[in-house]
Amino acid sequence: MAKRKLTKNDELSMKEETLNISYKRTCSCSEKHINCLTGKEWVKSQVAVQEFYYTKDDIRDKNIHPATFPIALPTRFIEMFTHKGELVLDPFVGTGTTLLAARNLGRNAIGFDLKKEYTDFARKRLNQTTLIDKTKQIVVNDDALKVKEYIRSETVSLCVTSPPYATMLNKPRLNKSMRADLRKNEHYLKVQQYSNDPRDLGTMDVPKYAEAMGRIYKEVFPLIKKKGHCIINVNDLWWENRRILTHVYLIAALEKVGFELRNILIWDKRNLVNHVGIFGYPSNYITLGSTFEYLLDFWKP
């Protein structure tokens, strides 16, 4: 007997059954509370300029991934915008940092990435933890445009990610922000691009990048609970002696699909920048983009 061809509904049901991930809070907080924080912890999170520090659990090797970020970053927002047991989404999961933060905090999480090398590494990283917890953290090697095939509507409490920053890495590293005698390190003159996949955001100029992000977050929008938040970590681009305001393009793209900008936070990275060189001296004053990044906070109104 010939096998029946699977319909899209069949495929969706199979994916949901495979994921089988919870999204309901398991804490005893009031329904009116947006998180499990105390008042004192809440005040600390209100500061618009934030510092984050790397720990022994972080990945900093650029040979593994060209643009990692500290676990402390998603941790801050998972604590701020979710309860224990709720569901966190990272559409560009990379090495799995967001999912590791979710596991540490007793939240469920799903992460997507185009590159199998990254998703394999993220799964391995999650398997190395010895924490015993009833939550799940699932890594999916697929396009973030397909998130609706895996996740039910209005089940995600927080979407938090650090996506590729358009074409920022699509050129040889000159290490101009470093002291001259330190520039010729192992990464000097190398192109540390995420991949050559034409779907990869890192291969696009900023206008196309913003359009692609808009398409992805149009798919994410129905998955977010009402008043659920989306955090995007991004930096502006310095390209051919021009500053490209990537964060402005992103704000416009997400508001177009229905999100509302609530807050702009600054990631103060001065504690992570060492051996800074003289950049632009003596004729072209340019601030060091490596000393700060934007944390854009949207919600589903």
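Quick check: pseudo-label points 7 Å beyond the Cα along Cα→Cβ at E149 and K269, how many nm apart are they?
Modelled inter-label distance: 3.3 nm.
By per-residue mean of other Cβ atoms within 10 Å, what is the highest-first order of 36-48, 151-163?
Numbers: 36-48: 11.2, 151-163: 22.2.
Ranked from most to least packed, the peptides come out as 151-163, 36-48.
Provide the gained length on full extension for the span K134 to T291, in nm with one decimal, where the gain is 0.36 nm per separating residue minus the Cα-Cα distance.
Working: separation 157, 0.36 × 157 = 56.52 nm, distance 3.83 nm.
Residue separation times 0.36 nm, minus the Cα-Cα distance, leaves 52.7 nm.
Can you compute the FRET efficiency between T38 and R262 using 1/(1 + (r/R0)^6), with r the Cβ-Cβ distance and R0 = 35 Å? Round to the nearest 0.05.
On the way: r = 22 Å, r/R0 = 0.62.
Computed FRET efficiency for T38 and R262: 0.95.
Step through the residues of region 210-215 one at a time and calculate ³J(HN,Hα) from phi using the Karplus curve (6.51 cos²θ - 1.76 cosθ + 1.60, θ = phi - 60°), rounding each to whole Hz and writing x for Gly and Pro.
For region 210-215, the Karplus-derived couplings read 5, 4, 5, 4, x, 5 Hz, x marking Gly and Pro.
Using the crude model of +1 on Lys and Arg Cβ and -1 on Asp and Glu Cβ, and no other charge, please compute the dipole size for region 221-265 relative to its Cα centre, in debye to 20. Could you put the intermediate results ahead of the total?
On the way: 7 positive and 4 negative charges, 52 e Å.
Here region 221-265 has a charge dipole of around 240 debye.
Once the other residues with Cβ under 11 Å from the Cβ of S162 are scored (Lys, Arg +1; Asp, Glu -1), what is the net sum? Write down the numbers at each step before the final one.
Working: positive: none; negative: D90, E293.
Neighbourhood net charge equals -2.
Each value in this text was obtained by applying a stated rule to the coordinates, not by laboratory testing. It should be emphasised that the depicted structure is a prediction, and the values quoted were computed from it without experimental measurement. No Cβ is skipped: glycine too gets one built from the backbone with ideal geometry, and neighbour counts run over all protein chains shown.
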